Structures are given as C-alpha cells and as structure tokens.
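The values are calculated or read from the model by the stated rules, or taken from the named source; none is laboratory data. Keep in mind that this is a model prediction, so the values were computed, not measured. FYI the Cβ positions are ideal-geometry reconstructions off the backbone, even for glycines, and counts take in every protein chain you see. What goes into the accessible areas is simple: the full protein's heavy atoms, side chains included, and nothing from ligands, DNA or RNA. Shrake-Rupley method; radii C 1.70, N 1.55, O 1.52, S 1.80 Å.
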Amino acid sequence: MTREEAENGIDDMVIDGAQQANAVPDRFDANYLRIYYGKLFPHADMFKWLSYGHDGKHPACDKSYFGRREFSFTLENDIYIRFQSFNSAIELENSIKEKCPFKIDIGPVYSVDPAKRHAYAQSGDNVFTPVERELVFDIDITDYDDVRYCCTGADVCLQCWPLMTIAIKVIDTALRDDFGFNHILWVYSGRRGVHCWVCDGKARRLTNEQRAAIADYFRVYKGNENSHKKISLPGPVLHPFLARSYTEVLKGFFEAKMLPNQNLLSSEERYEKILEMIPDASVASELRGRWQENKRASMSKDDINLVRWDQLKSVLQSGKQKTQGIRRCVEEIVFSFTYPRLDMEVSKHMNHLLKAPFCVHPKTGRVCVPIDPNNCDEFDPTIVPTLSQLLEELNREGLRQDADNEGDRTSLGESVKFFRTTFLQPLLKSCKEGIESSYNAKLQQSKNALSW
Amino acid sequence: MEVFQSHRKSSSNNVSVSTLPLYRSAPPLEVRLEDFELFAMDRLRVLKGISDGLGRGKKPEEMENLVADLWKENMRHPQANEETNKDVISHFVLRLVYCRTEELRKWFLSMETTLFRYRFRFQSSEAQRALMSEFKLPYKAVSNAEFECVKDKLNQVARSMGQTLAAVDAVFYKVPFEEVPELVAGRRVFIYKGHAYVAMNQVVSLVVTQFRSYLSKALILTNSIEYVYKGIHKCTKTPCYRLSIKALIFCKQDDVYQVSICNLACRKWTSTVREQEKDRLAPIVEALCTRYLGPDYSQPNEVGEISVKDIDRIAKTSFPLCMRHLFEKVREDHHLKHGGRMQLGLFLKGVGLKLDDALAFWKAEFAPKVSAERFDKEYAYNIRHNYGREGKRTDYTPYSCQKIISSAPGVGDHHGCPYRHFSEENLRAALVRMGASSRVVEEVMDKVRNRHYQLACTLTFEAVHGSSCDAGINHPNQYFIDSQKILQSKVDGIQFT
C-alpha cells in the first residue's frame with residue numbers, strides 16, 4: 001500500500017468508521033502514528049512528569065530544568081536525531097507532531113541546554129555534562145533464552161512472560177523497602193520486556209558509581225557462555241534481600257509455574273542441564289539413574305517435573321549432605337531459572353537513553369503502557385492496545401461531537417489515567433514539597449546571615 | 001626542605017595524632033627537580049603493583065600485605081617528615097600526569113583509592129577516628145533500641161559473609177546507602193528504607209567514598225589546567241626537549257632546580273610558569289604515564305595493515321586465546337554481543353584492519369543472521385564509533401589484558417579472558433585446540449588456579465610458538481605483534497639458509 005492509499009484508507013474509515021470497525025489494517029504506519037500523536041499521546045502529562053514541579057510559579061522553581069533534558073527521536077527512515085531539547089510543553093508537543101518519531105528516547109538533564117552544547121564547548125571548559133537522570137532498569141526476555149523453551153529471541157508468550165512479572169516484583173520491592181524509593185514507574189517496552197523509571201529526587205541525583213552499586217546489589221548472575229556456573233550464592237546464609245526474594249517470590253513461582261510450564265525436568269536433555277549445576281557428580285548420577293529408570297513408570301497423575309523436583313530436593317537437602325555447596329544448590333537452581341536478569345549497562349550510566357513511555361513499538365504496534373507493580377500478575381502483553389486498535393476505537397467514537405478528551409474513550413484511557421493518578425500526582429506533590437522546603441531552608445539561611 | 005604538617009588535632013583529647021595526608025590542598029613545599037621525577041616513579045611502582053594485584057584477583061587480605069610491602073619498599077624513609085613529604089609530592093605530580101584522559105583518570109583514581117583504603121586500615125583506631133572527623137562525617141551510632149529491632153537482619157548479613165555478629169559491643173552507623181556504594185554493591189550491609197547499617201569494621205568504606213569523590217573532582221579540575229599546556233606542546237615540535245628532563249622546568253635559583261608543587265596543582269600554574277618551561281614539562285609528564293601503563297596499541301605501527309582475507313590465517317597463527325575464541329564464535333554464530341564486538345573489534349583495529357575492511361568483515365560475518373540493511377542500521381554506527389568517526393570522535397584504544405580480565409561477561413557473552421572466565425573443562429579443551437601438549441595444559445591450569453592469568457597466557461604463547469616470551473603478555477595486541485615477529489623471523493631464516 002502506498003502512502004497515498006493509506007491516507008485515503010484512513011479518510012474513508014473516519015467517514016464510515018461506525019460500520020467498518022475492523023477495517024484498520026493491523027500494522028504500524030507513519031500515518032497512523034501521526035493520528036496517535038495528534039489525538040492520543042499524553043504530551044501534557046509527559047511534560048508535567050519531566051518538569052518535576054519546576055514548571056510552577058514558585059520562586060524556587062528552576063525554569064531551565066525541562067529545557068536541559070535530552071530527547072532523541074528516531075524518524076521513519078531510521079534517521080536518528082540526538083540532543084533535542086524543548087522549553088515548553090507546546091514546543092515538545094509541536095515537535096513530536098511535526099517530526100512524528102517512530103521512537104522517542106529520554107536522556108539525562110544536562111548542565112546546559114543540550115541543543116546548544118557546541119556553543120558551550122567552545123568556551124573550553126568541560127561544562128556539558130549530565131547532572132540528573134532517573135535511575136532506570138531494562139529487563140529483556142531475550143536474556144532468558146537459556147531458561148525458557150517456549151520461545152526464543154524477541155518472541156514472548158504467556159508461558160514465559162511471568163518471568164518479567166516476577167522480575168518486577170523482586171526489583172520493585174527492593175527499590176521501595178531497601179532503597180526507600182517511592183516514585184517508581186514500570187512500563188511495558190512494547191515487545192519483549194519491561195522498563196523501570198525510579199523518579200525520586202534522590203534517585204535522579206545518583207552518581208554513576210552509586211547507580212552501579214545498586215545494579216550490583218541486584219546482580220547474582222556470575223557466569224558467562226563458557227562457564228556453567230551461572231549463579232553464585234556464597235556464604236552460609238543468604239543476604240536478607242536475596243532471602244526475601246527467594247521465599248516470597250522465586251521459590252513459589254519456580255515450583256508452581258516454571259517447572260510444569262517449561263517442563264524443566266521432563267526430558268533427558270532438559271534435566272541434564274539442571275544436573276549439571278550440582279557440584280557433586282555422585283549426587284547427580286544418583287538422580288540421573290533414578291530418572292532414566294522411571295521413564296516408563298511415569299503413569300502417576302502427578303506432574304513428572306514436580307515429582308522429580310521433590311526427589312532432587314530430598315537428595316540434596318537430606319542430612320547426609322554435609323557440604324554447604326550441595327545444600328545451597330537447590331537455591332542456586334531456582335535463582336538460575338527465575339532471578340531477574342538486568343541489562344546492567346543501562347542502569348549504571350547517567351547518559352543512557354531509554355525509550356519514553358507511551359511510545360508505539362514499530363514491530364508490534366503495541367503502546368508502551370505503564371504496568372501496575374501491585375497487580376502485575378494481571379498484565380497481559382498480548383492484549384496491550386495496538387496502534388490500529390486505538391484508531392478503530394477513535395473511528396467508532398468519531399461521530400460523537402462532545403470529544404474533549406478523545407484519549408479517555410479508547411482503551412488507552414485506562415493507562416493514561418493510571419499514569420496520572422498512581423504515578424504522576426503523588427510524584428508532583430512530593431516535588432512541590434521538595435521545592436518548597438529547599439526554598440525555606442535557603443530563606444532561613446540568608447536570614448541567619450543577615451542577623452549576623 | 002620545608003615540612004608538610006600531617007598532624008591533626010584529635011577531636012576528643014586535643015592531642016595531635018599523626019594520620020594519612022588527604023591531599024586536600026597542595027602543600028607550600030619546594031622540591032628538587034630530581035626528586036620531582038624520582039618520587040613520582042616510586043609512587044608509580046606502588047600503584048602499578050596494586051594494579052597487578054587487583055588484576056590477579058587477589059583477596060583483600062592478600063592485598064593488605066601487598067600494599068604494606070609495596071609501600072615499605074618504595075616510599076619508606078627513616079624520617080617520618082621526609083616520608084610524608086614524598087607521599088604528598090609524588091601524589092601531586094602523578095595527579096598532574098594522570099588527569100589527562102578519562103582512561104588515565106579512572107586508573108589513577110582507582111589505584112589511589114585502593115592505596116588509601118589499605119593504608120587507612122593500618123592506622124590506629126584513634127587515627128581512624130581523627131580521619132573520620134576530618135571528613136566531617138556526621139553519623140551517629142545506632143541506638144540500642146534500634147539495634148534490637150534490626151539485630152536479626154544484621155546477623156543475617158554478617159553470616160552471609162561468613163562472619164558472626166559480635167552482639168555485645170557491636171557499633172553500627174546508619175548512613176544513607178549512597179555513602180557506601182561498595183558495601184551496597186557487594187551486599188555487605190543491611191539496607192532498609194534507604195539507609196545502610198555500617199559496622200565499625202566497615203567504616204573504611206565511608207571514608208574511602210569521601211576520599212574517592214574528592215579526588216575525582218580534583219582530577220577533573222587539574223585536567224582543565226592541563227588543557228592549556230597540551231596546546232603548547234603541539235606547536236613546539238623541536239626534538240631537543242625530549243632530552244630536557246633534567247633541564248630546567250621552573251626557576252633556576254642558586255644552582256638548585258626547584259619546583260613548587262603548589263603551583264602545579266592550582267588553577268593558576270600556567271600563568272606563574274614561564275612559557276618556555278612549560279614545554280619542558282610536557283615530555284616528562286608524557287613519559288611518566290606511558291612508562292607504566294604501557295603502549296596503548298591504538299595505532300597499528302609495527303606490523304602494518306591487514307585486510308579481510310588475512311584474518312583467517314593470522315587468527316590461527318597469532319591471535320591470543322581470547323580473540324581466537326571470539327573470532328571462532330562469530331564464525332559459528334554469525335553474531336556477537338556488544339562486549340564481544342568491542343573486544344574483538346578494537347583488537348582488529350589495533351592489528352591493522354582499516355575501517356572499511358572492518359565494516360566489510362563484520363557485515364559478512366553477520367550476514368547469515370543480519371540483513372545488510374539491519375547491519376547498516378544497528379551495527380555500523382558502533383564500528384565507525386570505535387574508529388572515532390561518530391559521536392565524540394575519540395579514537396578508542398584496544399583493550400589491555402587488565403581490562404579484559406576485570407570485565408564481567410554475562411549471559412550470552414563470549415568476551416573476557418578465557419583463563420579467568422572459562423570453566424576448567426572449557427579452558428582445557430580450548431588449549432588442546434590451540435595445540436598445547438598435556439604437560440603445557442597442566443602448567444597453564446596451575447597458573448590459572450593461582451590467578452596468574454597473564455602468566456597462563458604467556459605460557460600458552462611460548463608453547464604455541466616454541467619460543468620464549470620474557471616480557472610476559474600484557475596486551476592482546478602485544479601477543480599478536482610478538483607472534484608475528486617470531487613467525488617472520490622463521491620465514492626469513494628459511495629464506496637465508
């Protein structure tokens with residue numbers, strides 16, 4: 001279909017959209033995207049969010065704040081424009097509508113306006129440097145290819161998606177309970193994973209070293225492709241964070257979902273991978289012997305994966321096993337298969353770009369909608385609204401004239417509302433308080449200075 | 001020579017306690033030119049020794065002994081004053097030397113911090129407390145009531161590290177987790193609602209964090225001074241000043257060359273030093289930083305260029321195991337993850353592969369899996385970036401052994417040092433494929449067990465080439481160059497006889 005035809009198609013559908021509700025072809029298209037940015041993308045909310053209260057009238061507001069933020073656009077023909085900046089909500093919105101980027105990335109807030117960085121560079125001093133950035137995490141299902149048998153690469157299905165769900169649970173709990181962060185946004189990446197934005201002021205001002213420390217706190221995976229030791233849990237007991245993750249999330253998930261759904265112990269090829277992780281060869285061969293024998297005898301109603309897992313646990317954790325390494329092995333297996341695998345580099349550096357929420361993924365056409373960490377079990381990536389679905393909904397509603405806020409009536413409305421009420425409003429409230437209190441502190445200081 | 005005071009008043013009893021210098025500001029001391037360079041060399045030996053120790057993955061207890069020995073060997077002086085002077089002078093000279101690039105700064109910062117960490121541990125607890133108050137650390141010990149609430153968790157953390165909690169007199173500080181990144185990274189503290197509970201024997205981390213962040217800032221500042229003299233160095237290319245290390249840098253007074261370190265370390269030094277003298281300083285500074293970090297192999301000079309069709313042949317004869325493995329993997333899988341592409345790509349650049357050839361090579365290798373169009377979109381930028389043709393246009397240098405050994409390959413990754421990152425089984429198999437005899441394999445494995453990864457690689461080199469390598473292997477590109485030299489000399493030998 002050429003561009004002209006596509007445009008005509010849309011015009012037709014707007015006219016008689018009510019009858020032909022299914023007529024929007026299910027694909028990604030620049031023209032659809034233009035309508036999406038025109039009518040549905042929450043420009044104002046994005047501006048509010050990234051202003052962090054500095055768009056207000058309070059004298060302590062830093063008016064230059066939003067304008068120092070880097071945005072990057074990837075245009076239709078893979079032209080990549082970095083270091084864009086905008087001074088107002090209108091500028092941002094107009095630019096997005098005009099350029100119609102296939103992807104919008106959000107970068108750090110710099111010391112100076114990133115669009116004018118060259119002008120500053122000439123002054124010789126190294127002043128162009130990132131000063132603030134949300135703490136971000138990127139978890140990608142492709143990194144789990146060695147522990148899922150249902151899909152590979154960018155594919156994802158309801159069998160393997162729960163790996164993302166438990167990653168959200170483990171990381172979200174630690175960010176709140178351990179690190180004390182409150183303003184956390186989880187977003188579906190549109191295809192094969194999730195992004196996390198930690199937006200507390202304290203998080204935005206972390207240095208690279210501090211970011212790396214948090215990323216390392218979350219890291220248990222030590223192996224690589226050429227060494228089969230994947231998880232290393234030294235010490236006689238687990239650190240409280242790992243212990244909590246294990247008992248509250250990982251263990252239950254592994255036994256109830258992962259084992260039966262991925263058939264981890266049903267065939268020789270698969271159980272060998274687990275036996276490989278047992279450091280004592282005689283223990284492994286004892287189990288191997290048992291499983292090879294009862295291949296035919298698996299008449300029992302119980303799931304063979306669960307039966308074998310119980311056998312493995314009872315052998316490894318029996319009183320006979322004196323060494324700590326053998327007993328710890330059960331935990332190591334569970335961690336290997338379920339513990340979140342973060343893309344460390346994304347979290348470690350301030351100047352890493354990350355795709356903005358509410359973008360549309362060009363390959364799937366799905367919108368990067370927020371995920372509620374408290375109800376993440378219910379999130380289903382296969383029913384996330386697609387671009388064409390949203391346009392259909394717009395068409396269906398198109399004849400009604402009372403449309404102030406068209407987005408609210410599409411299935412994206414729920415997501416935008418969730419973003420506003422559970423993330424944006426509490427965030428802005430605390431930003432306002434922060435600005436106020438730092439202002440009062442300064443005022444107090446200068447008063448004290450005067451009274452001298 | 002004036003004496004730099006490193007005595008501080010201890011907050012509790014007003015008695016002066018001798019502690020470590022924090023290098024907050026350059027002392028107003030004068031130093032003979034000879035000492036300027038000598039002191040710096042001695043300190044470099046210490047830092048280089050620390051760097052080697054870290055590269056071998058030495059444990060903290062081993063590092064503690066190593067640092068003590070290195071210090072004693074290179075920096076000790078019978079007179080405490082002299083030792084402190086040497087400490088301070090050498091630190092400031094090296095600060096000037098190592099502020100020049102991001103890479104140098106990172107190395108210096110990390111070695112100086114490590115040095116400080118272990119020296120702090122040798123201090124008496126009185127001196128430690130004096131240093132803590134010097135840094136104005138405002139933390140109070142956790143109260144008994146609070147301690148009781150978190151005791152179980154603290155105990156759990158202690159046990160997770162194989163220690164036990166001394167419950168009776170346990171003193172803990174509650175600090176924002178940001179202040180102790182290394183304890184957070186190692187999960188060596190209990191963290192609750194943004195606060196880390198730091199045990200008394202961990203306060204070194206608090207102090208080190210302060211030290212590190214201060215030094216990091218100071219290095220950036222020093223670099224902005226250095227900016228000026230680099231420009232001058234470029235425009236005066238007379239060969240004579242290479243010889244001028246012993247000649248004057250600064251003012252000549254009464255036949256004794258003196259240099260004020262104070263001037264070096266402050267913003268204004270360029271204006272206080274005469275133009276001509278600045279030219280003399282550049283070579284010293286340059287020589288100092290390459291002497292111990294070694295050449296960076298960013299320019300393929302000794303062997304010259306290679307083309308795509310040569311790679312197969314030279315990979316078999318002259319690539320070290322790490323690069324051979326990556327090369328075989330890209331052949332097999334038609335893909336490599338980012339870490340692998342960087343490690344192999346920069347190595348090939350150092351070997352002499354031109355940008356166009358590099359693009360052709362990667363494109364062809366990836367072709368079965370990655371279409372030409374996708375390659376141009378997703379991979380070509382990074383390759384051009386490595387050659388300094390994109391982004392900030394830095395000509396990136398190939399990775400050294402040290403960098404490769406300290407990398408942390410994860411899922412799907414093939415980069416890193418095989419001697420460190422392979423399982424024993426895989427390493428043995430790989431060595432056999434390289435043609436190592438079973439005796440050599442055992443020798444190599446022995447080195448690996450003792451974490452002498454570079455020595456293991458050197459042994460492999462010697463076995464494969466049937467020729468000794470006295471300098472040891474420090475860089476994959478050095479391995480390559482040395483290998484090519486040996487092979488070339490064999491060819492020449494045949495021709496002449």
Given points 7 Å out from each Cα along the Cα-Cβ axis, report the B:Glu462 to B:Arg389 separation in nanometres with one decimal.
4.2
Between B:Ser438 and A:Asp380, what is the label-point separation in nm under the 7 Å Cα-to-beta-carbon projection?
6.1
Chain A, dipole about Cα centre (Lys/Arg Cβ +1, Asp/Glu Cβ -1), debye to the nearest 20
1660
Can you pull the mean other chain C-beta count within 10 Å for peptide A:236-246?
5
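Just the number, please: buried accessible area between A and B, total of both chains, 1.4 angstrom probe, nearest 100 square angstrom.
3200
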What residues from region A:131-164 fall in the zone where the backbone N is under 19 Å from a label point 7 Å along the Cα-to-C-beta line of A:Ser64?
A:131-133
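Full-extension gain between A:Glu268 and A:Arg420, please, as 0.36 nm times their residue separation minus the C-alpha to C-alpha distance.
Details: separation 152, 0.36 × 152 = 54.72 nm, distance 5.03 nm.
Stretched fully, the A:Glu268-A:Arg420 segment lengthens by 49.7 nm.
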Shielding by partners for B:180-191, please: the mean number of other protein chain Cβ atoms within 10 Å of each residue's Cβ.
6
Mind computing the radius of gyration and Dmax over the alpha-carbon atoms of region A:123-220? Å is fine for both.
16.1, 56
Full extension from A:Asp302 to A:Val127: what is 0.36 nm times the residue separation minus their Cα-Cα distance, to one decimal in nm?
56.4 nm
Need one value: the accessible area of B:Lys316 in square angstrom, 1.4 angstrom probe, rounded to the nearest 10.
140
For an R0 of 22 angstrom, estimate the FRET efficiency from the Cβ-Cβ distance between B:Ala429 and A:Gln292 and round to the nearest 0.05.
0.25
Amide H proximity to A:Tyr52 below 5 Å, modelled H, separation 5+ or other chain, gives none
Equivalent ellipsoid semi-axes, region A:97-180, via Cα gyration tensor eigenvalues times 5, rooted, Å
38, 20, 12
log10 I(q)/I(0) for region B:308-495, Debye formula on C-alpha points only (no solvent), q = 0.10, 0.14, 0.20 Å⁻¹, two decimals, reads -0.41, -0.79, -1.46
Convert 37 °C to kelvin, take the viscosity as 0.692 mPa s, use the Kirkwood radius over C-alpha pairs of region B:395-497 as Rh, and evaluate the Stokes-Einstein diffusion coefficient in µm²/s, rounded to a whole number.
223
If one takes the longest principal axis of the Cα atoms in chain A, at what angle in degrees, from 0 to 90 and to the nearest 10, does the Cα axis of helix A:281-293 lie?
80
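If you build the convex hull over the alpha carbons only and average its shadow over all orientations, what do you get for region A:215-285? Give it in nm² to one decimal. Show your work: numbers first, answer last.
On the way: hull surface 25.0 nm².
Reported value for the Cα convex hull: 6.2 nm².
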With the cut-off at 18 Å, report for region B:44-90 the share of all Cα pairs above it, as a whole percent.
33
Length gain on complete extension for the stretch A:Cys157 to A:Gln324, per 0.36 nm per residue less the alpha carbon to alpha carbon distance?
56.4 nm
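Given a Förster distance of 35 angstrom, what is the FRET efficiency for B:Lys485 paired with B:Lys59, based on the Cβ-Cβ distance and rounded to 0.05? Walk me through the intermediate numbers first.
Working: r = 37 Å, r/R0 = 1.06.
Given R0 = 35 Å and the Cβ-Cβ separation, E is 0.40.
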Relative to the longest principal axis of chain A, what angle (0 to 90°, nearest 10) does the C-alpha long axis of helix A:304-317 take?
70
Run the numbers on region B:407-421: which residues show a drop of 50 Å² or more in accessible area, chain on its own versus all protein chains together, using a 1.4 Å probe over heavy atoms?
B:Val411
B:Tyr399's amide H: which non-local residues (gap 5+, or another chain) put their own amide H closer than 5 Å, with H modeled 1.01 Å from N in plane and none for Pro or chain starts?
B:Phe347
Calculated FRET value between A:Asn182 and A:Asp372, using beta carbons and R₀ = 22 Å, to 0.05:
0.90
With a 1.4 Å probe and all protein chains left in place, how much accessible area per residue does region A:240-337 have, in Å²?
49
Given that compact globular proteins tend to follow 2.2 N^0.38 Å, what is the ratio of the alpha-carbon Rg of region A:240-337 to that value?
1.06
Per residue, accessible area of region B:134-207 with a 1.4 Å probe, heavy atoms of protein chains only, in Å², comes to 49
Which whole-number percent gives the relative contact order of region B:444-487, counting Cα pairs below 8 Å spaced six or more residues apart?
31
Provide, for q = 0.08, 0.11 Å⁻¹, the log10 of I(q)/I(0) from a solvent-free Debye sum over equal Cα point scatterers in chain A.
-0.58, -0.97
Provide, for q = 0.21, 0.23 Å⁻¹, the log10 of I(q)/I(0) from a solvent-free Debye sum over equal Cα point scatterers in region A:305-357.
-0.81, -0.91
List the extent of the Cα atoms of region B:134-207 along each of their three principal axes, largest first, rounded to whole Å.
30, 25, 22
Okay, helix-only estimate at 222 nm for chain A: each DSSP H run of n ≥ 4 adds -39500 (n - 2.57), divide by all residues, round to 500 deg cm²/dmol; what do you get?
-12000 deg cm²/dmol
Of A:Lys48/A:Lys363; A:Lys169/B:Lys369; A:Lys202/A:Lys348; A:Lys97/A:Lys363, which pairs sit farther than 27 Å apart, going by alpha carbon to alpha carbon?
A:Lys48/A:Lys363; A:Lys169/B:Lys369
Quick one: pull the percent of accessible area on region A:188-233 belonging to carbon and sulfur, 1.4 Å probe, ligands and nucleic acids left out.
39
Please compute the modelled spin-label separation between A:Ala30 and B:Leu137, points set 7 Å along Cα→Cβ, answer in nm with one decimal.
5.9
So how tilted is helix A:208-217 from the main axis of chain A? Cα-based, degrees 0 to 90, rounded to 10.
30
Could you tell me what percent of the accessible area of region B:134-207 is made up of carbon and sulfur, with a 1.4 Å probe and every protein chain present?
50
